[in-house]
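Below you'll find the structure, written out as structure tokens, and then a few comments.
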Amino acid sequence: MDYKNWLVSFDESRQLVTLSDLNEYSKKFGLVLTQEESALLLRERTEALKQQQRVEFGDGILPKLIVAFCDSPYLYQDNYVDTLGRLQEIFYYYKNEFMDEITDDELIERMKMLYDGIGQGSLDYMEETGLEGLARRSRFGHGQYEEKVEGGDGDEDGY
């Protein structure tokens, strides 16, 4: 048996168990991942990490995204898997855009705030307007990534 493949297989098996265990929590909100959907999301995670040239250890960000977003009024069983896949991609992309100067939890908090708030469930708005504006301000040192009062400066991202 190839050691490298065994290690990857073991890690994926452990992650599948973690995602399965999270179904107990997300079930309260009518959201459940099948084994096939979980495996798909893990493959998408691998691709997103490669695309963003990132390395991640442990269970990854998906369990945190599930816990943070499963109570969203804009998340339904029909869009659950697609939304989680896209949230992973957005997360890894913006970890790079924020130049890792924001913690995982802070980024998830801002993503959730934008998604449930002014974005009203729009991943496009959250990604292209809200997070882009926050990342731009962070890169140029305009108060790091603090939130601005909605409508306070005329920015269309609401911060």
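The values are calculated or read from the model by the stated rules, or taken from the named source; none is laboratory data. Just so it is clear, the model here is predicted, and its values are computed rather than measured. Note that each Cβ is placed from the backbone with ideal geometry, even for glycine, and that neighbours are counted across all protein chains shown.
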* Structure fact -> Within region 49-103, restricting to residues that are crowded, with 20+ Cβ neighbours inside 10 Å and of a type in the set (Val, Ile, Thr), the one that is farthest from residue 17 (Cα to Cα) is 102
* Structure fact -> Within region 121-142, residues crowded, with 17+ Cβ neighbours inside 10 Å and hydroxyl-bearing (Ser, Thr, Tyr) come out as 125, 129, 138
* **Cβ-Cβ under 6 Å pairs, at least 6 apart or on other chains, region 115-127 side touching a residue at least 12 places away in the same chain (Cβ under 8 Å) and under 17 Å from residue 80 (Cβ atoms), far side part of a helix (DSSP H, G or I) and of a type in the set (Lys, Arg)** => 123/86
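Just to be sure before I move on: is residue 82 at pLDDT below 95 and in a helix (DSSP H, G or I) in the structure I sent?
no
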* Asked: Which residue out of 88, 35, 52 is more than 15 Å from the chain's Cα centre (by Cα) and touching a residue at least 12 places away in the same chain (Cβ under 8 Å)?
  -> 35
* To do: Report, by residue number, each residue of region 10-36 that is surrounded by 14 or more Cβ atoms within 10 Å (Cβ to Cβ), more than 14 Å from residue 81 (Cα to Cα) and at pLDDT below 95.
  => 11, 12, 15, 16, 18
* Give the number of residues within region 106-120 that are surrounded by fewer than 19 Cβ atoms within 10 Å (Cβ to Cβ) and farther than 24 Å from residue 47 by Cβ. => 7
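This table checks each residue for (1) in a helix (DSSP H, G or I); (2) under 26 Å from residue 139 (Cα atoms).
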| position | (1), (2) |
| --- | --- |
| 66 | yes, no |
| 72 | no, no |
| 94 | yes, yes |
| 100 | no, yes |
| 105 | yes, yes |
